[in-house]
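Below is one structure, written out as structure tokens; the observations come after it.
Only the coordinates and a few stated rules stand behind these numbers; no lab work does. Predicted, not measured: the structure shown is a model, and the values here were computed from it. No Cβ is skipped: glycine too gets one built from the backbone with ideal geometry, and neighbour counts run over all protein chains shown.
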Ligand code: BDR
Ligand code: CA
């Protein structure tokens with residue numbers, strides 16, 4: 001009998017074999033899609049919607065070093081720092097990686113209905129924890145982020161995934177302008193939300209807090225959604241061993257990741273946030289697209305609080321088992337009180353060791 005473990009270890013072997021073949025082909029001079037095609041595995045085509053941001057930058061670098069993913073576009077949005085910084089930071093990462101073929105489109109300068117709140121206390125004034133990279137020489141494309149997202153998804157219905165690791169303003173704008181679009185998205189992995197308390201307020205996670213109205217639109221869009229929230233990202237702590245491996249990597253992407261992560265730890269320690277623990281939230285969201293078995297997944301119905309005086313941006317997860325265990329006499333008699341249908345799967349457990357291994361293996365090798 002084949003057990004779940006057998007399937008997982010076979011998948012891990014296949015994955016390692018695939019990565020080894022891809023790395024070998026890369027060393028042989030076959031780069032980009034030809035190497036990946038020759039490696040014989042279908043890639044996941046992704047758009048990265050992001051607000052770089054230290055962990056965003058690491059997530060981008062991780063994606064670019066992972067043959068399972070084909071990055072089709074990057075769409076920066078205002079979040080950790082204003083768009084005037086997230087946009088060039090995305091271009092900087094692509095220039096560092098020599099991937100200026102990937103289009104970058106400027107996204108929203110602020111949330112749908114609110115003033116922008118940034119997190120420069122955690123990401124530094126430049127969004128990269130103060131680490132300086134050369135001024136980018138490439139330019140964003142002329143289209144706005146929401147237009148580029150729409151064009152790419154409409155051009156390949158059912159084939160493109162979105163990895164959304166910033167406030168969800170760009171996606172909400174695209175979905176509002178084109179209500180049929182969510183049905184054409186393959187899936188969306190969101191770093192955002194939390195069922196176990198917030199990191200910007202006691203109730204809310206940062207990305208959901210910055211633009212709760214956008215988050216609510218996206219969660220209600222009907223697109224298949226995986227929520228990688230603080231429930232799992234807070235279980236991650238990037239260790240000194242990982243930082244040292246990255247800092248001594250034989251490639252500039254790994255070294256850049258090591259520099260900005262270390263600088264962020266120093267910034268967090270200076271500001272007294274989270275005892276300087278580095279969760280690398282967005283990198284976990286990206287890793288879960290590379291290796292889906294990294295996190296457990298639980299179907300739920302997610303609502304985003306948009307009106308609460310103290311709770312704006314809080315994400316609430318309705319789980320069917322909660323209702324099933326309710327005392328009989330309290331069971332809802334009115335069908336309007338029936339448990340709402342799931343609109344997302346939520347990650348609740350993560351294989352921390354495997355995540356750190358994957359991060360190091362991809363960026364430091
Ligand atoms: C999220 O907020 C941002 O500061 C990080 O980049 C991440 O996307 C974590 O709450
Ligand atoms: Ca982010």
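Structural remarks
- Annotation for residue 275 and residue 159: the two label points, set 7 Å from Cα along the Cα-Cβ direction, are 4.8 nm apart.
- Projecting label points 7 angstrom from Cα along Cα→Cβ for residue 237 and residue 137 puts them 4.3 nm apart.
- The distance between label points at residue 266 and residue 310 comes to 3.9 nm (points 7 Å beyond Cα on the Cα→Cβ vector).
- Fully extending the segment from residue 354 to residue 196, taken as 0.36 nm per residue of separation minus the present Cα-Cα distance, adds 54.6 nm.
- For the stretch 232-293, the calculated P(r) over all alpha carbon pairs, in 10 Å bins from 0 to the bin holding the longest distance, is 22, 49, 27, 2 percent.
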